[in-house]
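The values are calculated or read from the model by the stated rules, or taken from the named source; none is laboratory data. As the structure is a computational prediction, the values presented were derived from the model and not from experiment. Reconstructed Cβ throughout: ideal geometry from the backbone, glycine too, with neighbour counts over all protein chains shown. SASA here: full protein model, heavy atoms, side chains in, ligands and nucleic acids out. Shrake-Rupley method; radii C 1.70, N 1.55, O 1.52, S 1.80 Å.
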Amino acid sequence: MKAKLICCALGFIVVCVASGSVRADDPLPSWNDTAPKKAIIAFVEKVTKEGSPDFVRPEERIATFDNDGTLWAEKPIYFQFQFAIDRVKALASRHPEWKPRPPFNYILAGNMKALLANAKSMMALMAVSHSGRTTDEFEKIVKEWLHTAKHPKTGRLYTQIVYQPMLELLAYLRANEFKTFIVSGGGVEFMRCFAEQTYGIPPQQVVGSSSKMKYEIRDGKPLLLRLPEVQFIDDKQGKPIGIETFIGRRPIAAFGNSDGDQQMLEWTAAGQGVRFMALVHHDDAEREWAYDRKSDIGRLDKAWDEANAKGWTVVSMKDDWKTIFPTTNQ
């Protein structure tokens, strides 16, 4: 059998040209040899084996991933929310009118409890902190923040608070000719600033919430200006809509961690042929955080019940992952 070697983040993987499948001694080294790892590998082998009744053509091998809580952490608050808070602080001197107005006054007074208790805080902050700039200006601001801002608990850059087992999973799927997409409630322009470098997912394969934009000509040059209005919310029922609108193919595999991902997994499961649906369960208080049904962020309640009822894979961080975060930024 003819074979060739491909070098990737996991090392050297043998590609069996005759069958089209990709094999490695251990394609998921940061995963324990428990049921989820075995199920993932069995699924990939089924859909990549030519001649098998479960074979899926490479162009149809679509895998979608939520971002917050699935590919990187989401505690103590969503990282994009922290970016918005930091932007308000940076711009506050130019806007004295913010001082008495919620939610800005909560930020300026350091009252995080009041800020998080206000359900409209996030949207208000996003509208102010993410608008009024061209797309190029916004990208520059986000990238500068990502290169300097550090997570309050770990002291790492936010792009270092990613999950090593999921990085391996992304690489394993791509080595087997899957296209990997982010489908997240986070802002699409925000995620596109780091998705390729951090996950190997190019900007055109990132689906997320978006704001309205305006096309303008300034000094003879065209630009796109971000407006303080919501265009699309890519969460819950919005995720299948986003998949259909921006990807155009139903995934054969979908990964999430919360009730916000339930509809994406339902949509994936409803397709024909073999499918794989998985939820990451945050149950490791020692190495990360432990939260699920009563959490204000990343609540896993109804989706967990559905996963148990329908036989979806539930990945325990505590039991199924040898390690949580990479030793260095990737």
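Could you rank I233, I41, I107 by how accessible they are, 1.4 Å probe, largest area first?
On the way: I233 80, I41 35, I107 10 Å².
The ranking, largest first, comes out as I233, I41, I107.
Dividing the Cα convex hull volume of the chain by residue count, how many Å³ per residue is that?
Dividing the Cα hull volume of the chain by its residues yields 150 Å³.
Quick one: with all protein chains in place, what share of the accessible area of the chain is carbon or sulfur, to the nearest percent (1.4 Å probe)? Before the final figure, lay out the partial values.
Working: 8250 of 15940 Å².
With neighbouring chains kept in place, the figure for the chain is 52 percent.
With the convex hull built on the Cα atoms of segment 185-330, state its orientation-averaged projected area in nm².
Working: hull surface 46.0 nm².
Its Cα hull, projected and averaged over all orientations, spans 11.5 nm².
Taking a 1.4 Å probe, which of F83, F325 shows the most accessible area, and what order do the others take after it?
F325, F83
Over the chain, what is the relative contact order in whole percent, taking alpha-carbon pairs under 8 Å and six or more residues apart?
Numbers: 566 pairs, mean separation 68.1, N = 330.
Once normalised by length, the contact order is 21 percent.
In square angstrom, what is the accessible area per residue of the chain with a 1.4 angstrom probe? Please report the intermediate quantities before stating the final value.
Values: 15940 Å² over 330 residues.
Value for the chain: 48 Å² per residue.
Give, rounded to the nearest 20 debye, the magnitude of the charge dipole that the chain has about its Cα centre when Lys and Arg contribute +1 at Cβ and Asp and Glu contribute -1 at Cβ.
Dipole about the Cα centre, nearest 20: 660 debye.
Amide H of V315: which non-local residues (sequence gap of 5 or more, or other chain) have their own amide H closer than 5 Å, using H built in the peptide plane?
L279, V280, H281
Could you please put E139, E144, E168 in sequence from largest to smallest accessible area, using a 1.4 Å probe? Don't jump to the answer; show the numbers that get you there.
Working: E139 70, E144 95, E168 5 Å².
From most exposed to least exposed: E144, E139, E168.
Report the extension gain between E216 and A35 in nm, rounded to one decimal, defined as 0.36 nm multiplied by the number of residues separating them, less their alpha carbon distance.
Values: separation 181, 0.36 × 181 = 65.16 nm, distance 5.36 nm.
Gain on extension, E216 to A35, equals 59.8 nm.
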